[in-house]
Amino acid sequence: MRLLRGLGALILLAASSACVADRAYRGADRPNGLPNSVLNEQLQTRQFDPTQSEDPKVLEKPWPYRLTFIEFSDRGEMFDARQLDRALEEIAAAKRDAAARSSAARTLRPVVAVFVHGWKNNASDSSGNVWGFRQVLAGLSLQYSPAPIVGVYIGWRGATVSAPFLEEFTFFDRHRRSQSVAVPQMPDAFRRVMQAAKGPTYEDRSTVSVLVGHSFGGAVLETALTQGLSDEVVTARQQQRPIRWPADLIVLLNEAQEAERSYPFIDTLVANVTARPPCAAPGEERETLRPAVISISSTGDYATRAFFPAAQLLTRLFHRPSYHGPDPMGVGSATSLYFSTTAHTGALRSHLLGRADDPQILDALKQCNPAVDTTLFDNTANIHYYIVERPASKNRTPYWVMHMPPSIVPDHSTIFTPVFRQFLVTLIAQALEIGPHDRVLAPAAP
Amino acid sequence: MGVICHDAAHLSPMYHSRAHTIIALCAAATMFAAPAFAQILSVSGGTDAAVMDNTAQPPRDAGTEPNNPWANRPVCASMFLTSDWQLTEKQRACNWIQNGVLSTNALLGAVWSAEFSKLRDAPSERGDGFPLRFGRKFTQSAIKATGSYLGSVISREDPRRLPPFLALRTTIPPHGFFERTAHALTSNVIGYECVDPCTLETDIKKRFVLSAVLGSIASGVAGSVLTTDRPDAKDRALRGAMSAYAATFANAVFVEFKPELSAFGGRVFRMFGGR
């Protein structure tokens, strides 16, 4: 009995000392001694891509970027609205800087990359996601050199407990919070950031803009954006004009959210946007269209593949599957959409992603040219990864869904591997070379 | 801490209840000490230093040189332990503590083993309560992790099962059940080290996975030492080491097929949820 009391006291003590406060980790104008919410930084090549070269001069070359933070409380309100103002100022300054340094021979396109972190992370420097995002920004700096790079890190309370083992039990609470935190102020913050990057009507093509959300951060991002995206798609069809996507690419990575929350938007796309034309057969030339959203999960992500359905089974007692739409992809059951994430729902998957020598990819290549061809370690190993249309997929919307092999991302949390960082940077560059999938269907009959 | 646990296991029967308390408490304390260890093993200053450096950022219009925050990164954060191209000695030590001695897997494994040993009712543990069994298993797991760590240091193998530099390999990954099983079993015997500058496939060198062997021996010996007052201690050491080594092969196969097993698990849970 005494032992149990001792153990209980120890666990309580550890748990209470391991609580992660609901507070800002960055301060606009450095109030209260917090680190600045705008950082002017650089990383050397060896610090984010050690495979670039053996030449020490290349490996020590610095790649500059600006990193800004916008943090939200557990109730979804900004801790300090000036953080957003500072981020907008940085984007405006980067655009001015790029315009000033552009010439007739060379146009510099500033890059605005937004990242929403996932579970067990926040905006502090002890969060691995902050460092991984820094490495991505440095990679973008190398890719688009000498264009200015601005990163916007969206912080929320992804971690409530930091003690090992105990933190695993925060899953249920953070899962629900990831969907509620995105509602009050985030949609407007995203709108303002994207308008700063791409202009008031998102038609400024001089800026490269990317939104990335990981795990519950994917849920935050999708929840915050879906309403605005749906409205834009419907309005574009009513006005018979191309869709103005707020970002060049939206990437949901190992997203930990029920597919039933993504599917209504896919419904809207099916109902209002022209279907992607059939892929070009080998040797054939045909226009390829860029996706607006890519939902991509690792096959090694057992957290969303096995644990997520298990957790959903427990919460099933208190929730009901909510999808009652037309089911254009033929998923067949609302329960499937409740238990699975989008990328793990087979009927929604539109593409295959894998190494060029993967048998599945080789099979798909017999029918289609690759939609995207990214080369990793192009100075050394030169390994190709292809995104190829999945044979017989019903998903022909600008919302691409696919699995990725563990060689790119081995599990749920280890996202910022050198391979994935390179893959993301080259994917963005490749995707931007093709035109957006923005054409709408003819007006609906009255 | 290991010494206290070890001594506690040797106390005479008269003091057994105190021994139980000490073993269980030191196991729990070890578990919750993870963040502190990580902090100690981190680079000097760690997060706080990074925070101070970043505070000193000049405003944009000052036109000064951008700051490189790399020196202040928390090298022992799990993100760097999994994604750094090559691990430093300090990171290897962190990996040993965080992902070996104090990992969630070690804790859950100890709970499972303690509960399972009750069902098995082996003579070496007969009559012991759960706390003592748990403490013993947790300590045994910590000693096993230490053996693995020493093995990886001696053989210079990368302690990670899938170090990121393997992405440089141009050979076609194995496909099909038998090919993948053979690959998994081989990976438990042959590991890798990437020698500087680690930019080409030819920089990846094969190493014997001594960590699995030493870890298994350490586990077997620890299992026997922690129950020396029980019969068949020497036999159990050998059997324990062999079963631990066999388990590393089973784990390698499990890791290889984890994507398929995860998909299967997900399907089972969905099935329970009905249509």
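The ranking of A:Val130, A:Val208 from fewest to most other beta carbons within 10 Å of each one's beta carbon is A:Val208, A:Val130.
Region A:309-335 and region B:96-148 have Cα centres lying 39 Å from one another.
Of all DSSP bridge pairs formed entirely within the protein assembly as shown, close to 40 percent run antiparallel. The Cα atoms of the protein assembly as shown give a gyration tensor whose axes a ≥ b ≥ c have a/c of 1.5 or more with a/b greater than b/c, which makes the shape prolate.
When shorter helices are ignored and each DSSP H run of at least 4 residues is given -39500 (n - 2.57), the per-residue value for the protein assembly as shown at 222 nm works out to -14000 deg cm²/dmol.
Once you order the gyration tensor axes a ≥ b ≥ c over the Cα atoms, which shape class does region A:115-265 get: rounded for a/c under 1.5, otherwise prolate or oblate by comparing a/b with b/c? Oblate is the answer for region A:115-265, as a/c is 1.5 or above yet b/c matches or exceeds a/b.
Ordering B:Tyr149, B:Tyr245 by the number of other Cβ atoms within 10 Å of each residue's own Cβ, fewest first, gives B:Tyr245, B:Tyr149. Each of B:Glu201, B:Glu256 was scored by other Cβ atoms within 10 Å of its Cβ. Arranged with the fewest first, they read B:Glu201, B:Glu256. When the trypsin sites (Lys or Arg not before Pro) in region A:92-176 are filtered for DSSP coil states and for at most 13 other beta-carbon atoms within 10 Å of their beta-carbon, the remaining sites are A:Arg106. Is the C-alpha gyration tensor of region B:171-275 telling us rounded, prolate or oblate? Criteria: a/c under 1.5 is rounded; beyond that, a/b larger than b/c is prolate, otherwise oblate. Oblate is the answer for region B:171-275, as a/c is 1.5 or above yet b/c matches or exceeds a/b. For A:Val161, nonlocal amide neighbours, meaning residues 5 or more places apart or on other chains whose placed amide H falls under 5 Å from its own, are A:Val20.
The residue list A:Leu252, A:Gly330, A:Gln227 was ranked by how far each Cα lies along the charge dipole of region A:188-336 toward its positive end, using unit charges on Cβ atoms, and A:Gln227 comes out on top. Here region A:92-245 is treated with +1 on each Lys and Arg Cβ and -1 on each Asp and Glu Cβ, and its dipole about the Cα centre works out to around 500 debye. Here is the short version for chain A: A:Cys19 have no other Cys C-beta closer than 4.7 Å. Cα centroids of region A:65-95 and region B:153-217: 43 Å apart.
For B:Lys90, the lysines whose Cα comes closer than 20 Å to its Cα, not counting residues fewer than 8 places off in the same chain, are B:Lys144.
Coordinate-derived values only; no laboratory data. As the structure is a prediction and not an experimental result, all values here were calculated from the model. Reconstructed Cβ throughout: ideal geometry from the backbone, glycine too, with neighbour counts over all protein chains shown.
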